[in-house]
1. Give region 178-208 a look and list any residue that's open to solvent by less than 10 Å² (accessible area, probe 1.4 Å) and in a loop (DSSP other than H, G, I, E, B), or say none.
2. So, in region 71-92, exactly how many residues are open to solvent by 20 Å² or more (accessible area, probe 1.4 Å) and in contact (Cβ under 8 Å) with a residue 40 or more places away in the chain?
3. Got a sec? Which helices (runs of 4 or more DSSP H) wholly within region 101-177 have at least 1 residues that are within 25 Å of residue 46 (Cβ to Cβ)?
4. Return yes or no: is residue 27 open to solvent by 50 Å² or more (accessible area, probe 1.4 Å) and part of a helix (DSSP H, G or I)?
5. Got a sec? Which of 68, 47 is within 30 Å of residue 180 (Cβ to Cβ) and surrounded by 19 or more Cβ atoms within 10 Å (Cβ to Cβ)?
6. I'm checking my understanding of the structure. Among residues of region 6-18 that are in contact (Cβ under 8 Å) with a residue 24 or more places away in the chain and in contact with an Asp or Glu (Cβ under 9 Å, 6 or more places away or on another chain), which one is farthest from residue 125 (Cα to Cα)?
7. Any residue in region 19-37 that is within 16 Å of residue 162 (Cβ to Cβ) sitting within a Cβ distance under 6 Å of a residue that is charged (D, E, K, R) and open to solvent by 40 Å² or more (accessible area, probe 1.4 Å)? List the pairs, counting only those 6 or more apart or interchain.
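The values are calculated or read from the model by the stated rules, or taken from the named source; none is laboratory data. Please read all numbers here as calculations on a predicted model, not as lab measurements. Because the Cβ atoms are built from the backbone with ideal geometry, glycine has one as well, and the counts that use them run over all protein chains shown. Just so you know, the surface numbers come from the protein's heavy atoms only, side chains and all, with ligands and any DNA or RNA stripped out. Shrake-Rupley method; radii C 1.70, N 1.55, O 1.52, S 1.80 Å.
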Amino acid sequence: MPPGPRVGEVFRDCAECPEMVVLPSGRFEMGDLNGDGDGDEKPVRTVRITQPFALGKYEVTQGEWKAVTGSNPSHFNECGDRCPVERVSWGDVQVFIRKLNEKTRKHYRLPSEAEWEYACRAGGRHKWCGSDSADAVARYDWWKSGAYGTHAVGGKRANGWGLHDMSGNVWEWVQDCYEEGYNKGQPEDGRAHDPTTNCARRVGRGGGWSGGTRDTRSAIRGGGTPGDRLNCL
């Protein structure tokens with residue numbers, strides 16, 4: 001068999017599949033590196049990502065969701081196929097992944113929370129995903145800009161590993177069960193903290209268009225029920 005994509009390569013498994021970037025293994029500090037975060041971002045901990053993995057270059061778009069599932073649940077559906085899908089629950093995402101795997105015969109999954117923040121930071125310690133300026137990389141503060149709702153993906157600068165919109169636009173589900181802090185037995189090797197399939201809350205990362213700069217930081221995290229469907233998530 002031919003070798004798969006190498007670290008740094010961008011690939012797509014089908015015409016309507018998400019565009020993926022292969023990220024390297026490595027070690028990083030996770031959590032409130034700037035000392036101005038919430039209690040659930042602490043204590044700062046060192047995590048080792050043991051294997052390279054691939055993550056979407058952009059948030060999953062409405063066009064990609066429709067191609068895989070045949071429907072579009074988005075509140076902002078007039079935004080178009082290049083806008084991120086929203087109003088999808090954690091459970092809806094699991095169905096999307098299952099159908100994507102059936103379509104491609106690959107092994108897509110949600111990233112762990114540690115993998116998400118590792119990808120966001122891209123080897124750096126920026127306050128937002130790829131910059132110390134929120135304006136450079138994030139869609140946020142709609143009440144100041146007057147731009148209510150989502151925006152087409154890729155409109156802001158990518159981070160150091162070529163990933164867009166990890167800060168702002170829409171919150172992003174990860175695999176983990178939500179805990180109030182990083183001292184609850186979370187793995188140190190980058191795996192998801194998923195001790196039960198029935199955890200009351202799952203983790204969302206990155207913030208969305210409706211929040212302020214503080215709510216789109218690299219370390220920001222939130223917990224939602226697996227059935228939550230919001231127009232910023």
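1. Passing the criteria: 181, 190, 206, 207, 208.
2. Selection size over region 71-92: 10.
3. Details: elements: 113-121, 134-137, 142-145.
Here the list reads 113-121, 134-137.
4. Details: open to solvent by 50 Å² or more (accessible area, probe 1.4 Å): yes; part of a helix (DSSP H, G or I): no.
Judged against the criteria, residue 27 is not a match.
5. Working: 68 fails: within 30 Å of residue 180 (Cβ to Cβ).
47 is the lone residue from the list that is within 30 Å of residue 180 (Cβ to Cβ) and surrounded by 19 or more Cβ atoms within 10 Å (Cβ to Cβ).
6. Within region 6-18, the match that is farthest from residue 125 (Cα to Cα) is 16.
7. From residues that are within 16 Å of residue 162 (Cβ to Cβ), the pairs are 19/12; 19/57; 21/57; 22/9.
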